[in-house]
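Encoded as structure tokens, the structure appears first; notes follow it.
The values are calculated or read from the model by the stated rules, or taken from the named source; none is laboratory data. Just so you know, these numbers come straight off a predicted model, no measurement behind them. Note that we place each Cβ from the backbone using ideal geometry, even for glycine, and neighbour counts take in every protein chain shown. When the accessible area is computed, the model is the full protein with side chains, heavy atoms only, and any ligands, DNA or RNA have been set aside. Shrake-Rupley method; radii C 1.70, N 1.55, O 1.52, S 1.80 Å.
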Amino acid sequence: MKQIALLGFGTVGLGVYEIINQHRGIYFAGTDTPATIKWILVRDKNKKRAHNPTDCVLTDDFNDIINDDSVDIIISAMGGMEPEYTYIKESLKKGKHVVTANKEVICAHIAELTDLANEKGVKLYYEGAVGGGIPIISSIVETLKINKITKIQGILNGTTNFILTKMAKEKADFDEVLKIAQELGFAEADPTADIEGYDVMRKICILASLAFHTHAKTEDVHLRGISNITLDDVNMADSLGYDFKYIGQALLRDNRYSISVTPVLLPKDSVMSNVNQEYNVILLYGDIIGELCFMGKGAGKDATANAVVSDAIKALTEEESQTHINFNETANSYGLSGIKNEYYIRATVENYEQFEKVIDLAAGAIKKNNLTYTNSKVFFTTELIRSSDMLALYEQLKDAAKDVFYARMEHSLL
Ligand code: NAP
Ligand code: HSE
């Protein structure tokens, strides 16, 4: 019988425990049940919990786990950088397999931890860190056996997709829907990571690192959150025939990458604009296979636990490791230079002087017949313009108006 130590007993940890020890997962319920959770690490042993396990030991001391030589594998689902990064490293050093759902740690240390796992001859898997239940990491690894991947685009955050869906379909208020997403266990402990895009930034960097064979760094990402999107923006997009989605994108060109995380307007009849609630969708482009599209629940207890337990089964049963991934290409970022798009812009103004300034600044970029205004807001879409010109216009508009929101407009995304 293989012994598992579970770090974290929150949304994901409980789901993992239910599948393995409570036998909701058929694999672990069979006669040849190969593993059981022996230890669960929590921050506060005395916290009142919906479920109090009696078939394993709750501890608040990681030393209990790292010093137990019978533990074969660590499943980590705590959150944040420390102490989880140290615990993962210590576990690999001790020759234990590691499965984690922690994208913050993997994004920052993917190359170093992969090297360490290879050196120690153990497995390091992190399917649950990106796309919840979608098997995107293993699909990228498979696709790379034949293809060069040059593009990844996707909705990678369940919380923000849930918020945008409720705003569009039920005209719900941003903050109220965020609270529901927190109650449902989709949001991060600090939801700023969801709504300001750090979560998508980490996920798209992990995917880009794998796909482009280089350690993609978060400082190279063009990042914009969605916390200042309003119902007016959602309604205006609707009247133009579009939906807002929050998209992570990684492109590879001439061995240089460009990564962005931004709100995007998608045509209502596109595949991605119809991926709603906490669902995620990821589009890959391989030079031989062409476009591949993956969709599934991107957050929540069962979807994530499913990915985590699949990894654990692989780590415990498969001879060949997926850990042998090369991150040594020296690709660097080309930022957004040279990329052209059309944009939707909303400027909120407080008086006529601000209104006039906004109109003057926007004059050169406005698409013909695409300007609308009320007494406090100016809405327009632009012709195709360079991303760098859009950024410059945004800075000027921000100085002129009370509040400005903009989003790239896409014509397809399937
Ligand atoms: P959560 O509900 O906040 O649970 C965190 C758990 O970790 C709690 O049991 C907590 O202990 C424990 N913990 C936190 N810090 C600790 C420390 N310093 N020492 C010991 N135990 C500690 O989090 P979650 O939603 O399950 O997410 C866990 C991880 O999975 C995060 O990295 C998250 O990004 C990732 N993830 C989450 C989802 C999702 O849908 N929720 C999906 C994919 C990936 P106490 O119980 O004592 O507080
Ligand atoms: N907070 C994350 C989300 C959890 O909403 O997508 C899944 O990674």
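Observations on the model:
- Where LYS151 falls short, out of the listed (1) more than 16 Å from ligand 1 (Cβ to nearest atom); (2) within 22 Å of SER310 (Cβ to Cβ); (3) within 19 Å of the chain's Cα centre (by Cα): (2)
- Given (1) open to solvent by 20 Å² or more (accessible area, probe 1.4 Å); (2) more than 14 Å from ligand 2 (Cβ to nearest atom); (3) farther than 25 Å from ASN306 by Cα, number of the condition MET167 does not satisfy: (1)
- In the set (1) within 15 Å of ligand 1 (Cβ to nearest atom); (2) surrounded by fewer than 23 Cβ atoms within 10 Å (Cβ to Cβ); (3) part of a helix (DSSP H, G or I), GLU119 fails one condition alone, (1).
- Looking across segment 7-44 at every residue that is assigned to a loop (DSSP other than H, G, I, E, B) and modelled with pLDDT of 95 or more, the one that is surrounded by the fewest Cβ atoms within 10 Å (Cβ to Cβ) is identified as ASP44.
- Filter result for the condition that a residue is more than 29 Å from the chain's Cα centre (by Cα) and closer than 17 Å to ASP232 by Cα, over THR372, THR381: THR372
- Yes/no for LEU240 being farther than 27 Å from THR372 by Cβ and out of contact with any Pro (no Cβ under 7 Å at 6 or more places or on another chain): no
- In this structure, THR86 qualifies as under 24 Å from THR11 (Cβ atoms), open to solvent by 50 Å² or more (accessible area, probe 1.4 Å) and not small (Gly, Ala, Ser).
- In segment 211-234, the residues that are buried (at least 24 other Cβ atoms within 10 Å of the Cβ) and more than 15 Å from PRO263 (Cβ to Cβ): ALA211, PHE212, ALA216
- Looking across GLU278, GLU291, one residue alone is open to solvent by 70 Å² or more (accessible area, probe 1.4 Å) and either more than 19 Å from ILE206 (Cα to Cα) or in contact with a Gly (Cβ under 8 Å, 6 or more places away or on another chain) (or both). It is GLU291.
- Qualifying positions in segment 89-101 - within 16 Å of ligand 1 (Cβ to nearest atom) and surrounded by 24 or more Cβ atoms within 10 Å (Cβ to Cβ): SER91, VAL98, VAL99, THR100, ALA101
- Within segment 45-99, tally of residues that are part of a loop (DSSP other than H, G, I, E, B), among the acidic types (Asp, Glu) and at pLDDT 95 or above: 5
- The one condition from (1) under 30 Å from GLN153 (Cα atoms); (2) more than 9 Å from ligand 1 (Cβ to nearest atom); (3) part of a loop (DSSP other than H, G, I, E, B) that ALA108 does not meet is (3).
- Residue match in segment 273-288 (condition: within 12 Å of ligand 2 (Cβ to nearest atom) and closer than 30 Å to ASP72 by Cα): no
- Pick from segment 313-328, criterion more than 25 Å from HIS215 (Cβ to Cβ) and aliphatic (A, V, I, L, M), ranking: farthest from ligand 2 (Cβ to nearest atom): LEU316
- Residues of segment 102-141 classified as in contact (Cβ under 8 Å) with a residue 40 or more places away in the chain, of a type in the set (Lys, Arg) and out of contact with any strand residue (DSSP E or B) (no Cβ under 9 Å at 6 or more places or on another chain), total: 1
- Sole exception among (1) at pLDDT 95 or above; (2) within 14 Å of ligand 1 (Cβ to nearest atom) for ILE4, by number: (2)
- Any chance ALA237 is buried (at least 23 other Cβ atoms within 10 Å of the Cβ) and in contact with a Lys or Arg (Cβ under 8 Å, 6 or more places away or on another chain): no
- Positions within segment 54-83 being within 13 Å of ligand 1 (Cβ to nearest atom), open to solvent by less than 70 Å² (accessible area, probe 1.4 Å) and charged (D, E, K, R), in sequence order: ASP61, ASP64
- Residue selected from segment 392-402 under the condition surrounded by 15 or more Cβ atoms within 10 Å (Cβ to Cβ) and within 21 Å of LEU265 (Cβ to Cβ), by the criterion nearest to the chain's Cα centre (by Cα): TYR394
Each row is one residue, and each column tells you yes or no for (1) open to solvent by 10 Å² or more (accessible area, probe 1.4 Å); (2) free of Cβ contacts under 8 Å to residues at least 12 places away in the same chain; (3) in a helix (DSSP H, G or I).
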residue	(1), (2), (3)
ILE146	yes, no, no
ILE152	no, no, no
ASN161	no, no, yes
GLU176	yes, yes, yes
GLY185	yes, no, no
